[in-house]
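Read-outs throughout are calculated quantities, based only on the coordinates presented, and are distinct from any laboratory measurement. Source: prediction; values computed, not measured. FYI the Cβ positions are ideal-geometry reconstructions off the backbone, even for glycines, and counts take in every protein chain you see.
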Amino acid sequence: MTPSLEDLVALLARGGSEQPFTGIYEEQDDEGNQRRWRVWRRGRLARIEDPPGTVTLIAGHRTYWRKWPVDPAVVVFPRSPDHDEFELSVLTMLDSADYWRGWLTQDPAAVVSSLGPTTHEGRPAWRFEAPEVKGGEPTVTVDAELGLVLRAERADIGVFRSWREVRTDVDLGDDLFRCDRPWQRDGHYTYPVDWLPE
C-alpha cells in the first residue's frame, strides 16, 4: 500500500532515530568535498569512524567525544539534551517533521505521483521525486523500516548522499558508545593521559 504524504513525512522524520542500525554513510557537498563514515547508531547515541577503521566521534549518554582526523587533540564534554554537536548533526535533525513537511508540501502532487516501492541493497524502501532545491529536483530513496534517506541524487550532480551495508539485526550495547580512557584537561582541549604534546 502506497503511503500518504503525511505517512511519508512521518517516516522521514524518524530518520533512523528509533531503531539501532549500522552502515556506511557517504556524502558529497556543494564544493565536491566527500566524506565516508562507518556509523553505529542507537537513538541519539552514535559512534563514527572517519575514515572507516578510525574512531573519530562517540556520542554517549552523558559525554560527547570527538577527535579530528588531522589533529591529535581530543575534545570531551558533557552532552546537551537540547541539541546535537558537530558532525552528529548530519545524522540527526531537530524538528525533522517540520523540515520534511515544509519541503515536500511545496509540490505535494509531484511527490505523491512519483512515490512508489523499491529496494535498496535488498531492503524495502520508497522512492519519490522531491521538489526543487538548489537548482535541481532530487530523487530520494528512503528505508521503509528506518526512515533513513538511503540515497539522494540529482540529474545534474549525481548521487550526493547515500548509505550502504545498512543492518538492523545488530546488538548495539552501551559499551559501544562509551569512551573509558582517562583524560586530562589542558586549556580548551581534553587529551588522553598517554598523549604528550611535543
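Below are the figures for this structure:
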| quantity | calculated |
| --- | --- |
| Alpha-carbon centroids, segment 1-74 and segment 96-116: separation in whole Å | 23 |
| Positive-pole candidate from 9, 119, 172, dipole of segment 5-192, charges at beta carbon | 172 |
| Sites residue 34 and residue 96 - FRET efficiency at Förster radius 30 Å, r taken between beta-carbons, to 0.05 | 0.80 |
| Segment 5-192: relative contact order as a whole-number percent, Cα under 8 Å and 6+ apart | 24 |
| Dipole of segment 12-153, positive direction: furthest Cα of 144, 34, 65, with charges on the beta-carbon | 65 |
| Stokes-Einstein translational diffusion, segment 5-192 - Kirkwood Rh over all Cα pairs, 0.692 mPa s, 37 °C, in µm²/s | 185 |
| Which of 1, 93 has the fewest Cβ neighbours within 10 Å, and the rest in rising order | 1, 93 |
